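> Here's a structure for you.
None of the figures in this text is laboratory data; all of them are computed from the coordinates on show. Here the structure is a predicted model, which is why all the values come from computation and not from measurement. We place every Cβ from the backbone using ideal geometry, glycine too, and count neighbours over all the protein chains shown.
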Amino acid sequence: MTIVPEKGLTSLMADSNSPITTVNVDLGDKSYPIYIGGSILPKIGEYVQRLEVGRKILLVTNPTVYALYGQVVVGGLNKSGLEVVVGEIPDGEQYKTLESARSLYDTAFEHSLDRKCAVLALGGGVIGDLAGFVAATYMRGLPFIQVPTTLLAQVDSSVGGKVAVNHPRGKNIIGAFYQPKMVFADIDTLQTLPQREFRAGMAEVIKYGVIKDSGFFKFLENEQINIKKLSREEIIRVIETSCAIKAWVVEQDETEQGLRTILNYGHTFGHAYEALTGYKKYVHGEAVAIGMNTAAGVAVKLGMLSASDRTSILNLVRAFDLPVHFGLLKPEEIIESMSHDKKALAGKVRYILPEAIGQVKLVTDVPPKILYEVLDEQKKG
Ligand SMILES: NC(=O)c1ccc[n+]([C@@H]2O[C@H](COP(=O)([O-])OP(=O)(O)OC[C@H]3O[C@@H](n4cnc5c(N)ncnc54)[C@H](O)[C@@H]3O)[C@@H](O)[C@H]2O)c1
């Protein structure tokens, strides 16, 4: 991973007061840049052109995002001589399916898209995962471009190449590792994002601080007001640092053989909370926020983490108005649900537990007694 100021791009910038930050994901011949800036969407065409893709672009989006940003993106692409075919999928996780992928294959086929043509995802993580899956599979792979418009997508799902659709038996069961050619994140899109979705993205941001960067964690503590106000400088730092940490992890372990599991901090418990509430009560980031608290509680009980570090994590999660307790779920059903986690190996649940702010460890042998104790405590709130 490298963070470099953009050189020679001044003429491309929408406004010289909003420079574009670039985080590079270094993956050999699969390397790509993540561009981050304000008011940069109108310039999308110029950046896509540099990728030397074909003249037709399949733009995958949903009606919510298309109504807000479709015109500016299509206009930007057209201005650079690119022809846009729009593949619209209804809004919602329930449409991240093979059926939706199939309808996008149909659109690609009807418009004679060939292997040089790019698929561009304009939207949150649902659209990014689905469009990436289509890009990975149509004609054995088309160039893929991510234009993430939620905080979660800008700091997490658009980076790292995991693409997937859901199966009735489980989330993200059918997928691939397929890296984009470029990620293009305009922070101004966050202005229209519902508050709840913003908070959910912040859970993943806090996660990065806990797993890798105590300085970033401090920054989040100190700048929470500016971050909530979407102040430009602070939001750019939030996205840039998050992407840099994710890039650092992915560069060392692209296909999750080892290190990449640290990104699951809070997720093992979080997935159980989501599943047990039928994916209705919590958005993903909220469940992760509660899961980070549970994992920190387990780490304290195991003597790995100080109580004060745990309190800091709890306080930061609360500061961004995220939940920290799972309410009425029963500890036994949570433990049972985690045993089915798709990331369990040889029947062993893998917990990412903090040792300090900025450092985590993989632990596979948490005694059930400790799990019950922590879950019982958390239930009470
Ligand atoms: N590939 C990965 O590595 C990875 C990582 C984390 C999560 N994910 C996936 O990401 C998905 C969740 O993504 P998400 O949280 O972005 O949810 P989402 O894509 O459902 O977006 C949330 C909502 O915000 C709307 N929206 C998007 N951008 C907007 C904007 N700028 N203004 C107003 N509304 C906007 C969407 O239409 C949607 O209603 C899940 O499917 C999850 O599995 C993937």
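> Please report, largest first and rounded to whole Å, the three semi-axes of the ellipsoid equivalent to the chain, where each semi-axis is the square root of five times an eigenvalue of the C-alpha gyration tensor.
Each semi-axis is the square root of five times an eigenvalue, giving 35, 23, 18 Å.
> Show me, for the stretch 256-263, the HN-Hα J-couplings you get by feeding each phi into the Karplus relation (A = 6.51, B = -1.76, C = 1.60, θ = phi - 60°), rounded to Hz, glycine and proline as x.
6, 8, x, 3, 4, 4, 5, 5
> For Asp26 and Thr277 in the same chain, what is the full-extension length gain: residue separation times 0.36 nm, less their Cα-Cα distance, in nm?
86.5 nm
> Turning to a different aspect of this structure: Apply the Karplus curve 6.51 cos²θ - 1.76 cosθ + 1.60, θ = phi - 60°, to the phi angles in the stretch 153-170 and return the couplings in whole Hz, x for Gly and Pro.
Karplus-based 3J(HN,Hα) across the stretch 153-170 equals 5, 6, 9, 9, 5, 7, 10, x, x, 7, 10, 6, 10, 8, 10, x, 8, x Hz.
> Please identify the trypsin sites (Lys or Arg not before Pro) of the stretch 50-123 that satisfy two criteria: DSSP loop assignment and at most 15 other Cβ atoms within 10 Å. Which are they?
Loop-located and lightly packed - Arg50, Arg55, Arg115, Lys116.
> Report, by chain and number, residues whose modeled amide H sits under 5 Å from the one on Glu83, excluding near sequence neighbours (fewer than 5 apart, same chain).
Hits under the 5 Å cutoff: Lys56, Ile57.
> Now for a different question. Given a Förster radius of 35 Å and the C-beta distance between Arg232 and Glu336 as r, what FRET efficiency does 1/(1 + (r/R0)^6) yield to the nearest 0.05?
Calculated transfer efficiency: 0.15.
> Taking the Cα centre of the stretch 38-182 as origin, work out the dipole magnitude from +1 charges on Lys and Arg Cβ and -1 charges on Asp and Glu Cβ, in debye rounded to 20.
My answer is approximately 380 debye.
> Suppose every K and R has +1 on its Cβ and every D and E has -1 on its Cβ; what is the size of the dipole of the chain about the Cα centre, in Debye to the nearest 20?
So the dipole magnitude of the chain works out to roughly 280 debye.
> Here's a follow-up. With the Cα gyration tensor of the stretch 197-297 giving a ≥ b ≥ c as the square roots of its eigenvalues, does the rule (a/c under 1.5 for rounded; else a/b larger than b/c for prolate; else oblate) give rounded, prolate or oblate?
It is oblate, given that a/c is not under 1.5 and a/b is not larger than b/c.
> While we're looking at this one, here's another question. Can you compute the helix-only [θ] at 222 nm over the chain? Use -39500 (n - 2.57) per DSSP H run of at least 4 residues, normalise by all residues, nearest 500 deg cm²/dmol.
-13000 deg cm²/dmol
> Next question, about the same structure. Choose one of Pro323, Ile313, Ala289: the residue whose Cα lies farthest towards the positive end of the charge dipole of the stretch 287-344 (beta-carbon charges +1 Lys, Arg; -1 Asp, Glu; about the Cα centre).
Among Pro323, Ile313, Ala289, the one farthest towards the positive end of the dipole of the stretch 287-344 is Ile313.
> A follow-up question, please. Tell me, what is the FRET efficiency for Leu362 and Val86 to the nearest 0.05, using R0 = 45 angstrom and their Cβ-Cβ distance as r?
Rounded to the nearest 0.05, the efficiency is 0.55.
> Here's a follow-up. Could you give me the ³J(HN,Hα) list for the stretch 269-281, computed from phi with Karplus coefficients 6.51, -1.76, 1.60 and θ = phi - 60°, whole Hz, x at Gly and Pro?
Calculated HN-Hα couplings, in order: 5, x, 4, 5, 5, 5, 5, 6, 10, x, 6, 10, 6 Hz.
> Could you tell me which of the pairs Lys218/Lys348; Lys229/Lys301; Lys162/Lys228; Lys79/Lys207 are separated by over 31 angstrom between their Cα atoms in the structure shown?
Pairs exceeding 31 Å: Lys218/Lys348; Lys229/Lys301; Lys79/Lys207.
> Using amide H atoms built 1.01 Å from N in the peptide plane, name the residues 5+ places from Asn172, or on other chains, whose amide H lies under 5 Å from its own.
So Asn172 has HN proximity to Asn166, His167.
> If you don't mind, there's one more thing I want to ask. About the Cα centre, and with charges only on the beta carbon of Lys, Arg (+1) and Asp, Glu (-1), how big is the dipole of the stretch 195-381? Nearest 20 debye, please.
Computed charge dipole of the stretch 195-381: roughly 300 debye.
> I've got another one for you. Give, in nm to one decimal, the length gained when the segment between Leu98 and His167 is fully stretched (0.36 nm per residue of separation minus the Cα-Cα distance).
Residue separation times 0.36 nm, minus the Cα-Cα distance, leaves 24.1 nm.
> Rounded if a/c is under 1.5, else prolate if a/b beats b/c, else oblate: with a ≥ b ≥ c from the C-alpha gyration tensor eigenvalues square-rooted, which is the stretch 195-381?
Judged from the Cα gyration tensor, the stretch 195-381 comes out prolate (a/c at least 1.5, a/b above b/c).
> Enumerate the residues in the stretch 138-162 having an amide nitrogen under 15 Å from the point lying 7 Å beyond the Cα of Phe109 toward its Cβ.
138-140
> Which one, Asn264, Thr64, Phe198, is farthest towards the positive end of the dipole of the chain when Lys and Arg carry +1 and Asp and Glu -1 on their Cβ?
Result: Asn264.
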